[in-house]
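Only one structure is covered here, and it is reproduced in the block below.
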Amino acid sequence: MATSVISTAELKALVLDGNKHQMIADNDYFSQIKPLEDTLPAIDPSIKFDPAIHLAFKPEFLKTCKRTTMEELGASCPEQISDIGVSEPFPLFTDEAVEIMRAELLRKEVFDEFGRLSYNSTTGLGAMIRGYAKDAAPFTYTAWTHPITVSAVSAMAGVELEPIMDYEIASVNVAMKSPDAAANELVSSRRRSSLGNKFDDDVPAVVGWHNDSYPFVCVLMLSDTSKMIGGETLIKPPSGEIIPAKGPAKGKATVLQGRILNHLASIPIGFTERITAVTSYRAKNPLTFDGSVLSTVKPEVNYSTVYNTFYPQWVSYRMDIISKRALHIKETFDKSLEDKEVFDKEKAFTLLKDLEAYLHKTSTEMEVSEKEWAYHKSRLNMKPT
Ligand SMILES: [Fe+2]
């Protein structure tokens, strides 16, 4: 099919079919991914995630690990769900846990079913593997959803969190380069402004400037970074001065209030593989502001999102929040009646309008604009042949 003349109707059919037009080519899998898998031990299906063995997090990290506040970033706003903006890398999972996660992930059947070319990669082979954890990676799924892991991430984030939905557990970004390309990079310098250590707006990126779709993320590094130089997350607060946040080493993670903070994952120099797993969260309290959008994750934009699995989960999570908020409104006015209070109409308007807006957003976020279809079409032409 000539991608330059593909119609939106044809594209819709491809999206409904699971974006198979953007699968990772066998050639790329066998030349770049399979060699990584071959270095790993076979998965022992009897191994279950045990926080006493596999979680590397310790409560003392809360004191020793620098966490930059939204205020320090000049990004405080009413929509923030925590005072914390971003954390330094902290140990989250042990080496053994990371090896098991890699073994679950790097299998051919996982790449075929859940892996697609990145919709926004700016260099090399970029792939995303999403929505696989619950069905195809039981260790990974339990590791991220275990209550002790969730409380560790929440503690670092400064707010009680809950993973958005199963689809957003351990979303993987893979960036691969040939050893030659990696070696060449080590002799070239990264682009920086004339201000020495300060980064300019055009810094080469694994993923360009963006805001995440969900309130908070935890980014876990699954690759050895000992030979990489750079690879920071750069944050551009409203004040404009770009602030680098150190990227995590293998087994370490960072938390980031990525819905509000405009950020970019800069390209490290000298890597041959860079694999990260990102889990997205909202505040556990259903009444806390939830500004989630679908701009970077909807299946019409992000090829690794499967239409028939993703959208039902989105609707279900939103209805869960809506029912809890509706119950809160009901109980608020039941109590006011019981207490024989004067009816607070303004309060009722505010609560009901918020609920309406949240419901409205639930459906409008699933709409696809002409611009988004055009973007999808333009990226089709970038698919390697
Ligand atoms: Fe991001």
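Bear in mind these aren't lab numbers, they're just calculated from the coordinates by the rules spelled out. Just so we're clear, the structure is a prediction, and the values are computed from it rather than from any experiment. Cβ sites come from the backbone with ideal geometry, for glycine too, and all protein chains shown count toward neighbours.
Over the chain, dividing the summed -39,500 (n - 2.57) contributions of all DSSP H runs of at least 4 residues by the number of residues returns a 222 nm mean residue ellipticity of -10500 deg cm²/dmol. Only lysines eight or more places from Lys353 in sequence, or on another chain, were considered; those with a Cα closer than 30 Å are Lys284, Lys298, Lys324, Lys330, Lys335, Lys340, Lys345, Lys361, Lys371.
The dipole here belongs to the chain: it is taken about the Cα centre, uses +1 on the Cβ of Lys and Arg and -1 on the Cβ of Asp and Glu, and is about 520 debye. Remark: spin-label model distance Asp344-Ala13 equals 5.6 nm, labels positioned 7 Å along the Cα→Cβ axis.
Mind running the shape call on the range 20-305? Use the C-alpha gyration tensor, a ≥ b ≥ c as the square roots of the eigenvalues: rounded below 1.5 for a/c, prolate if a/b tops b/c, oblate otherwise. Rounded, since a/c falls under 1.5. Remark: the Cα gyration tensor places the range 1-133 in the oblate category, a/c being 1.5 or greater and a/b not exceeding b/c. In whole angstrom, how far apart do the alpha carbon centroids of the range 331-371 and the range 4-39 sit? What the calculation gives is 42 Å, centre to centre. Of the residues Pro41, Ala348, Ile321, the one whose Cα sits farthest towards the positive end of the charge dipole of the chain is Pro41 (charges of +1 on Lys and Arg Cβ, -1 on Asp and Glu Cβ, taken about the Cα centre). You can think of it this way: the chain between Lys20 and Lys371 has 124.2 nm of extra reach, that is 0.36 nm per residue less the Cα-Cα gap.
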